1. Going through segment 56-72 one residue at a time, which ones are under 13 Å from Pro15 (Cβ atoms) and in contact (Cβ under 8 Å) with a residue 12 or more places away in the chain?
2. Looking at this structure, is Gln3 in contact (Cβ under 8 Å) with a residue 24 or more places away in the chain and among the polar types (S, T, N, Q)?
3. Pick out, from the chain, the strands (runs of 3 or more DSSP E) lying fully within it that include 1 or more residues that are on the phi > 0 side of the Ramachandran plot.
4. Return the residues of segment 10-41 that are farther than 16 Å from Ala73 by Cβ and either of a type in the set (Gly, Ala, Ser) or touching a His at 6+ places or on another chain (Cβ under 8 Å) (or both); say none if nothing qualifies.
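The values are calculated or read from the model by the stated rules, or taken from the named source; none is laboratory data. Fair warning: this is a prediction, and the values are worked out from it, not measured in the lab. Please note: Cβ atoms are built from the backbone with ideal geometry, for glycine as well, and neighbour counts cover all protein chains shown.
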Amino acid sequence: MSQRAKLIADIRNNPKGVRFEDACKVAKWLGFTSEGGSGSHKALSRPGEETGLNFQERTGGVIPPYQARQLIAMLDKYEDEV
């Protein structure tokens, strides 16, 4: 299993423990680009996609589970492009 596939599997299996850096990395693999944000926040968008992603780094370097579920929904939609 490649490192990319392992990271995606880890995100799917543990949405409560997704690291901020990993979420941003996977979003970029899916074609999302940074629209801004500062400090512990990052907003990302993808051309043609109405729904953007917004990640907030919390204590311990993880994102909130609901944001991980939003990322998983985008994986479901665009994973064939990764």
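1. Within segment 56-72, the first condition is being under 13 Å from Pro15 (Cβ atoms), and the residues that meet it are 62-72.
Across segment 56-72, the qualifying residues are Val62, Ile63, Pro65, Gln67, Ala68, Arg69, Gln70, Leu71, Ile72.
2. Details: in contact (Cβ under 8 Å) with a residue 24 or more places away in the chain: no; among the polar types (S, T, N, Q): yes.
Here the answer is no, as Gln3 does not meet what is asked.
3. Fully inside the chain and qualifying: 33-36.
4. Once the filter is applied, which keeps residues that are farther than 16 Å from Ala73 by Cβ and either of a type in the set (Gly, Ala, Ser) or touching a His at 6+ places or on another chain (Cβ under 8 Å) (or both), segment 10-41 yields Gly17, Ser34, Gly36, Gly37, Ser38, Gly39, Ser40.
Every residue, every condition in (1) of a type outside the set (Asp, Glu); (2) modelled with pLDDT of 95 or more; (3) surrounded by fewer than 17 Cβ atoms within 10 Å (Cβ to Cβ), yes or no:
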residue	(1), (2), (3)
Met1	yes, no, yes
Lys42	yes, no, no
Arg58	yes, no, yes
Met74	yes, yes, no
